[in-house]
Amino acid sequence: MPQARSLDEREPLTPCVKVCRLDASGFCVGCKRSVEEIMHWGAMSRDERLHLMREELPKRWTD
């Protein structure tokens, strides 16, 4: 019998919401990633992506 997937496995692997435009601070207005983060997203590990999505990006929405 297959095991239930953990919450981490069900989380989206990208914060992209298809609103790709940089604001004055250099972050995407849709996902708050920097150009560098967007360019390197495919090379990042799952843990790196989850850290960015859980820890770093939420802070940028409040700044």
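Since every read-out is calculated from the coordinates, none of them should be taken as a lab result. Quick caveat: nothing in here was measured; it's all calculated off a predicted structure. Because the Cβ atoms are built from the backbone with ideal geometry, glycine has one as well, and the counts that use them run over all protein chains shown.
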When N is the residue count of segment 18-62, what does its C-alpha Rg come to as a fraction of 2.2 N^0.38 Å?
1.10
Expected sort for CYS31, CYS20 with the fewest Cβ neighbours (10 Å cutoff) up front is CYS20, CYS31
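Expressed in nm to one decimal, what extension gain is obtained for the pair MET44 and LEU22 from 0.36 nm per residue of sequence separation less their Cα-Cα distance?
5.8 nm
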Please give, to one decimal in nm, the separation of the simple spin-label points placed at SER34 and ARG60, each 7 Å out from Cα toward the Cβ.
0.9 nm
Using Cβ contacts closer than 10 Å as the measure, can you line up ARG60, ARG54 from fewest to most?
ARG54, ARG60
